[in-house]
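The values are calculated or read from the model by the stated rules, or taken from the named source; none is laboratory data. Computed from a predicted model, the values in this text were never measured in an experiment. Glycine gets a Cβ as well: all are built from the backbone with ideal geometry, and neighbour counts include every protein chain shown. Note: areas computed on protein heavy atoms with side chains; ligands, DNA, RNA excluded. Shrake-Rupley method; radii C 1.70, N 1.55, O 1.52, S 1.80 Å.
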Amino acid sequence: VDQMMMNVSLTATDDDESNLMYNLPYYTREELYENGNGGNELILLSFFGRVYDVTSGAKHYGQGSKYEKFAGRDVTRALSTGCLLETCIGSKDSSNNSNESFELNDKNVKEGKKWISFFELHDSYSHVGYLKDHTPIDDMIDKILKHEDQLESAKEPREAIKS
């Protein structure tokens with residue numbers, strides 16, 4: 001993304017419901033928190049719009065653990081930026097997700113990719129659904145790639161003039 005930052009909004013439209021992949025359910029933020037905050041022993045979290053069952057990692061995400069505030073929440077911003085403040089963790093309320101935008105730069109993209117791999121390849125965490133009001137990761141990647149292509153296209157004419 002070449003030193004240039006782009007602001008990414010993490011809000012999807014209702015049209016995204018028609019794109020259910022693998023017949024997995026969509027969760028509202030309220031449902032994610034209510035069902036996955038560890039109170040009923042199930043621990044869910046969302047990252048780039050994908051909901052993961054991380055119950056087997058209760059020592060990391062369960063009550064009394066270092067990352068217990070991640071349980072039942074979207075952690076895209078927190079993990080991609082390394083910010084563990086409450087303001088960097090997704091809202092529990094679908095009507096109050098105004099702090100869900102963040103600067104997506106090269107460092108955040110690289111860190112986000114590491115975490116995607118971590119959750120996707122983890123032997124005991126499962127992808128169990130999608131966060132309803134979140135931009136799917138494929139759409140975010142498409143935006144990043146399009147932005148990179150535009151940057152490359154903008155460089156080409158200047159390089160041709162130098163020759």
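Once segment 39-61 is narrowed to residues that are farther than 15 Å from TYR27 by Cβ and charged (D, E, K, R), the residue that is least open to solvent (accessible area, probe 1.4 Å) is GLU41.
The C-beta contact set for segment 65-76 (first residue touching a residue at least 60 places away in the same chain (Cβ under 8 Å), second residue open to solvent by 10 Å² or more (accessible area, probe 1.4 Å), distance under 7 angstrom, 6+ apart or interchain) comprises THR76/PHE48.
Yes or no, residue by residue, for (1) at pLDDT below 90; (2) farther than 17 Å from ASN35 by Cβ; (3) exposed (fewer than 14 other Cβ atoms within 10 Å of the Cβ):
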| position | (1), (2), (3) |
| --- | --- |
| GLN63 | no, no, yes |
| LYS66 | no, yes, yes |
| ALA78 | no, yes, no |
| GLY82 | no, yes, yes |
| ASN99 | yes, yes, no |
| VAL109 | yes, yes, no |
| GLY112 | yes, yes, no |
